[in-house]
Amino acid sequence: MLTRRMFGLSYLSLCAAPAFAQAGWPNRPLRFIIAFPAGGLSDRMGRMVAEGFANALGQPVIVDNRGGAGGTAGTRQALAAGPDGYTISFTTPSTHITGPLLFPNPGYDGVSDVAAIGAFAQVGSIAVVHPSVPANNISDLIAYCRANPGRLNFGSAGAGGSIHLAGELFKMIAGIDIVHVPYRGGALMLQDLLAGRVHIAFDNTPQILPHVHAGGVRALAVTTRERSRFAPELPTMIEAGVPDFEISSWFGVTAPRGTAQPIIDRLGAILRDITQNPAMSETLTTLNAEPLPIIGAEFAQFMAGQRERFGGIIRRLGITAAD
C-alpha cells in the first residue's frame, strides 16, 4: 500500500505552487474518472495515482468507475464535465486513442479534446491459453486454430484496447479464424478465461502473470519487442514466429481541453514526482509494470504518435468496435 509519506511533497515545493492554487484551487474534492470497472489493472493503477494526487493537493480525489464501450463511455463523461480543474480522466490507449477510432460516435477526440497531464506507467502483455487448449507454444496454437477454424475465441477488456488489437493482429498475421469476445473490463474477462469460457487472451502482464504462476493459464509468449524482465523465460511473439508483432499498453492522466494551464502544470509536476519516487518504482515492480514519466507537452506529442501508430494498425486490419 502506498502511503501519504511516500507521495508527500516537501514544504518548499508546496510553497512554490502557483499563486492561484494557494488562493483557491483546489478547495474541494477532485473527481478522477476511470472508464473501467473496479478490480482490474486500470482501476488499480488509477487508484494508486489518485492517492498520490490527494496527498499532494490536500484534497480528496474521488475515483469514479465508469465502464463500458471500450472506455469511451466514461471518458466522454469526463470530457463533458467542463474544464474547471475538478475532473480528470484516467488515460489509456483504448480510452483516448483506439476507442475514438473504432466507435462510430464516440463524442470526443481523444487527443485534441484533452489537456495532457502526463503518463506514469507502461506494461506489456502475455499471450496465454486456458489449459484445456492443446498448445504449449505459439506454433502449436496456430496449428490448432487452423485445424479448428472459428472454434476458439479470444477475450479482451473491451473493443479497441491493446488486448483486443493484439488478438486481431495475431489473427491477421497468423492467418487464423478466432472469435473476439469483448468484456466491460479486464477483471470480467479474466474471470471467464480462468473458467475456460475464454480460450485465448493477450492480457496485461501485471494481471495475468500471477495466474500463469498458479497454473490457471498457460503462457506462450510476450507481446513486447524485447523479452520481459518479469518473465524472461518466455519468447517474444516475434521470436515465436509471428513477424512484426509488438503491442504494449500505457497509463496516464488527462483533463478536459481548456483547463487552466497552471492547473495542468501543477498536476503534471505532481505526477512527475510520483513517477520519480522510489516507492512508486517499487510498487510498479510488484505489479510487473515499468515507470513511464512523460509529462505535459511531451505527453501530448506521445499521444499523437500513438494515434498514428494504432490508427495504422486499425486501418490495416479493417476492424471496428463490432469486431
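Every read-out reported here was derived from the displayed coordinates using simple, explicitly stated rules and does not represent laboratory data. Only a predicted model underlies this, so the values are computations on that prediction, with no experimental measurement involved. As a convention, Cβ positions derive from the backbone with ideal geometry for all residues, glycine included, and neighbour counts pool all protein chains shown.
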With a ≥ b ≥ c from the Cα gyration tensor eigenvalues, square-rooted, and the rule rounded for a/c under 1.5, otherwise prolate when a/b > b/c and oblate otherwise, region 157-200 is oblate
If I build a Gaussian network model for the chain, linking alpha-carbon pairs within less than 10 angstrom, which residue out of THR95, THR259, THR72 has the largest mean-square fluctuation?
THR259
Residue-averaged [θ]222 nm for the chain, counting only DSSP H segments that reach four residues, each worth -39500 (n - 2.57)
-12000 deg cm²/dmol
Taking 0.36 nm per residue of separation between HIS180 and GLN301 and subtracting their Cα-Cα distance, the length gained on full extension comes to 40.4 nm
Calculated SAXS-style log₁₀ I(q)/I(0) at q = 0.27 Å⁻¹ - region 219-294, Debye, Cα scatterers:
-1.20
Contour minus Cα-Cα span, ARG316 to ALA195, at 0.36 nm per residue, comes to 40.3 nm
³J(HN,Hα) computed for each position of region 170-186 - Karplus, 6.51 cos²θ - 1.76 cosθ + 1.60, integer Hz, glycine/proline x:
4, 3, 5, 5, 7, x, 10, 10, 10, 9, 7, 10, x, 10, 8, x, x
With axes computed from alpha carbons, what is the tilt in degrees of helix 205-214 against the longest principal axis of the chain, rounded to the nearest 10 within 0 to 90?
50
Return, for the Cα atoms of region 125-222, the radius of gyration and Dmax in Å, separated by a comma.
11.8, 32
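Out of all Cα-Cα pairs in region 48-115, roughly what percent, to the nearest whole number, are more than 17 Å apart?
43
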So ALA81 and GLU308, fully extended at 0.36 nm per residue minus their Cα-Cα distance, gain in nm 79.0 nm
With both bridge residues required to lie in the chain, what share of the DSSP beta bridges run antiparallel, to the nearest 5%?
60
Once both label points are put 7 Å beyond Cα along the C-beta direction, the ASN105-SER281 separation in nm becomes 4.9
How do the peptides 33-46, 194-207, 174-187 rank, highest first, by the average count of neighbouring beta carbon atoms within 10 Å per residue?
33-46, 194-207, 174-187
Let me check the size of region 85-138 from its C-alpha atoms; what are the radius of gyration and Dmax in Å?
17.0, 52
What percentage of all Cα-Cα pairs in region 263-323 are separated by more than 19 Å?
53
Identified option (computed Cα extents along the principal axes in Å; candidates (i) 61, 58, 39; (ii) 78, 45, 32; (iii) 68, 39, 30):
(iii)
